[in-house]
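A.B. asks: To start, I am sharing the structure in question, which I have written as structure tokens.
Here, each number is a calculation from the coordinates, and none is a lab measurement. Since this is a predicted model, take the numbers as computed values, not measurements. Using ideal geometry, Cβ is built from the backbone for each residue, glycine included, and neighbour counts are taken over all protein chains shown.
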Amino acid sequence: MPSDTRLAFAHPSERAEATTPEGAQGLRDRISLRDYVTEVEIGAFQAERGTLQRISFNVVVEVEPLRGPVDDDVDRILSYDRVTEAIQIELQAERLNLLETLAARVAERILLEPQALRVFVRIEKLDRGPGALGVEIVRSADGTMPAGVELVDVPHPRLLFLSNDAIAAVHLAGWIDRLTGDAPLIICVGAPDASAPKVGAAMPQRRIDLLAIEQNAWVLAARDKRCVVVGTRTELDWAMKNGQICVWAPSKMVLDAVDGPSASPRDALALTAWFADEMQAVELLVIGADVPATSIPTRAVAVTEAQL
């Protein structure tokens, strides 16, 4: 067991390991963020007002171990960007005087994640002297919402469905230009005109038809480099918060959904309508096809129309 003095200055990951309870309840996985440095105005002294200073974050989050195989699936784990996002949300919320306040708020926000059990947060000021001045806290999840901490909603996207004629249209770049700005843009497509292979079993056929849609998603991405093919909810959420235009690759979300779509993947518009409901879209715009049945506000535009 390391000495208390050395442990006091050890990285939070070592402190987490040394203070984990024994027994079955102590078997926890950990994710860590090391030496995350950003500039912010913080501090109680007058000399710290109106000026930026570097602060460093080291965070360790103990999480519930996954049951069964990970399957290399980002949606099953606590993503690292949720940790950095918690830091940025609290830094942008208001100017603070104390590192202690910032550390507590970051820890509370991380503990809102269902996988998080315990979090160590160390924050250090790097520009206030010859060494690093900082604070370290540890907080545990107790199943309650901390007072004053609000959940941050993922933005609601605008969905754009493009027919194959629309994908090939000369107006494509202009449509995308006009649809970006006030809401994140996610583009949906159907299968290409070439027929997908036909098999006699339902589940393999479903996967084949979903993969055909994804092939067309890559065709669109090749036509406009702003469009990034995305297939996981975790990456979609990140993209919407960071201004990235996505093309939806449906296989993973459709096959993993507990209450999945009843529509066949061959009915791309019905599948898009299900996705629009799942994402709580603000609008569904359809270019080159009919409007599907959905509760989302929807409008249709002909491929020949340059203006939306």
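A.B. asks: Give the aspartates and glutamates reachable from residue 125 as a straight Cα distance under 15 Å; neighbours fewer than 8 places away on the same chain don't count.
C.D. replies: 35, 39, 41, 48, 100, 136
A.B. asks: Quick one: which of 233-244, 183-194 comes out on top by average Cβ neighbours within 10 Å, and what's the full order, highest first?
C.D. replies: Values: 233-244: 17.2, 183-194: 20.2.
The densest-packed peptide leads the list: 183-194, 233-244.
A.B. asks: List, in order, the whole-Hz ³J(HN,Hα) value for each residue of segment 81-95 obtained from phi through the Karplus relation with A = 6.51, B = -1.76, C = 1.60 and θ = phi - 60°; use x for Gly and Pro.
C.D. replies: 3J(HN,Hα) across segment 81-95, in whole Hz: 5, 5, 6, 5, 5, 4, 5, 5, 4, 6, 5, 8, 5, 5, 6.
A.B. asks: Less than 28 Å apart at the alpha-carbon level, and either on another chain or at least 8 residues along: which lysines does that give for residue 198?
C.D. replies: 252
A.B. asks: Sorting 135, 170, 247 on the 10 Å Cβ count, fewest up front, what's the list?
C.D. replies: 170, 135, 247
A.B. asks: Another one. Distance from a point 7 Å along Cα→Cβ of residue 74 to each backbone N in segment 251-283: keep the residues under 17 Å and list them by number.
C.D. replies: Correct set: 251-254, 256.
A.B. asks: Here's another thing I want to ask about it. Putting +1 on Lys and Arg Cβ atoms and -1 on Asp and Glu Cβ atoms, find which of 238, 51, 272 reaches farthest to the positive end of the dipole of the chain.
C.D. replies: Of the candidates, 51 comes out farthest on the positive side.
A.B. asks: Now for a separate question. Across segment 277-288, in residue order, what do the Karplus-derived ³J(HN,Hα) couplings come to in whole Hz, using 6.51 cos²θ - 1.76 cosθ + 1.60 with θ = phi - 60° and x for Gly and Pro?
C.D. replies: Listing the rounded values in order: 5, 4, 8, 6, 5, 7, 6, 10, 9, 10, 10, x Hz.
A.B. asks: When DSSP beta bridges are limited to those with both residues in the chain, what percentage is antiparallel, rounded to the nearest 5?
C.D. replies: Antiparallel bridges make up about 55 percent of those DSSP assigns within the chain.
A.B. asks: For the charge dipole of the chain, defined by +1 on Lys and Arg C-beta atoms and -1 on Asp and Glu C-beta atoms about the Cα centroid, which residue among 96, 194, 262 has the Cα displaced farthest towards the positive pole?
C.D. replies: 194
A.B. asks: List the residues whose amide H sits under 5 Å from the amide H of residue 115, counting only those 5 or more places along or on another chain, with H placed 1.01 Å from N in the peptide plane.
C.D. replies: Under 5 Å from the amide H of residue 115 lies no amide H from a residue far enough along the sequence or on another chain.
A.B. asks: For helix 99-110, report the angle its Cα long axis makes with the longest principal axis of the Cα atoms of the chain; keep it between 0 and 90° and round to the nearest 10°.
C.D. replies: It works out to around 40 degrees.
A.B. asks: Let me ask you something else. Would you list, by chain and number, the aspartates and glutamates whose Cα falls below 14 Å from the Cα of residue 225, excluding same-chain residues fewer than 8 positions away?
C.D. replies: Once the sequence-local aspartates and glutamates are set aside, what remains near residue 225 is 177.
A.B. asks: Quick check for me: using +1 on Lys/Arg Cβ and -1 on Asp/Glu Cβ, what's the dipole size of segment 158-301 about its Cα centre, in debye to the nearest 20?
C.D. replies: The dipole of segment 158-301 has a size of about 260 debye.
A.B. asks: So what is the relative contact order for segment 187-300, in percent, with contacts set as C-alpha pairs under 8 Å and at least six apart?
C.D. replies: This gives 22 percent for segment 187-300.
A.B. asks: Now a separate question. Please state the charge dipole magnitude for the chain, taken about the Cα centre, from unit charges on C-beta atoms (+1 on K and R, -1 on D and E), reported in debye and rounded to the nearest 20.
C.D. replies: Details: 31 positive and 45 negative charges, 75 e Å.
The calculated dipole for the chain is roughly 360 debye.
A.B. asks: Could you tell me the relative contact order of the chain? Use alpha-carbon pairs under 8 Å, at least six residues apart, and round to a whole percent. Write out the running numbers ahead of the final one.
C.D. replies: On the way: 499 pairs, mean separation 43.0, N = 308.
For the chain, the relative contact order is 14 percent.
A.B. asks: Just to check I understand the Karplus step: with θ = phi - 60° and J = 6.51 cos²θ - 1.76 cosθ + 1.60, what whole-Hz values come out for segment 164-177, glycine and proline as x?
C.D. replies: 5, 5, 5, 4, 8, 6, 6, 7, 3, 4, x, 4, 5, 4
A.B. asks: What ranking of 163, 264, 195 emerges when the number of other C-beta atoms within 10 Å of each C-beta is taken as an exposure proxy, fewest first?
C.D. replies: Going from sparsest to densest Cβ surroundings: 195, 264, 163.
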